[in-house]
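Visitor: The following block contains the structure, expressed as structure tokens.
The values are calculated or read from the model by the stated rules, or taken from the named source; none is laboratory data. What you see is a predicted model; the values in this text were computed from it and never measured. Glycine also receives a Cβ, built like all others from the backbone with ideal geometry; neighbour counts cover every protein chain displayed.
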Amino acid sequence: MRIANELLMLFRSRKKNGREVSLYEPIGTDKEGNEISLLDILESSDGDIAEAMDFRKNLRRLYKIFDGTLTEREKRVLILRYGMFGGEEKTQREIAEKLHISRSYVSRIEKGALGKLKKRLDSEEVL
């Protein structure tokens, strides 16, 4: 989950100012014929829907580029380290023992893989 939070912070810092949408502009009507705005929907829901949708969109982007960007070893380290795909988070020491490499090498692999993903995500955001 930590990787997702780090990436979410990255995405927030690089948000594009796309098409502006008014929270007050009518987007439809309810059963009684009353106009409904986006603000009406957002206020009636629990939590921050826009943030959750943005997070899910960015997470899908991450998983989409994951396979094509990283080596098998990098993927394995990140999957183990961050409990991706429903797994349990492991410490660098646990990963080192499992892969029969040093903890410092796990750290270098992790750092390099995260750097690759960040670079790829940044370059795709420009497109």
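Visitor: Test each condition in (1) closer than 18 Å to Arg120 by Cα; (2) at pLDDT below 75 for Thr71 and report the one that comes out false.
Guide: (2)
Visitor: Checking Lys98 against (1) assigned to a helix (DSSP H, G or I); (2) surrounded by 15 or more Cβ atoms within 10 Å (Cβ to Cβ), which test does it fail?
Guide: (2)
Visitor: Any residue in region 50-78 that's under 16 Å from Gly115 (Cα atoms) and part of a helix (DSSP H, G or I): show its pairings with residues that are at pLDDT 85 or above and among the basic types (Lys, Arg) at Cβ separation under 7 Å, as long as the two are six or more apart or on different chains.
Guide: Pairs that qualify, where the first residue is under 16 Å from Gly115 (Cα atoms) and part of a helix (DSSP H, G or I) and the partner is at pLDDT 85 or above and among the basic types (Lys, Arg), are Ile65/Arg120; Phe66/Lys75; Thr69/Lys116; Thr69/Arg120.
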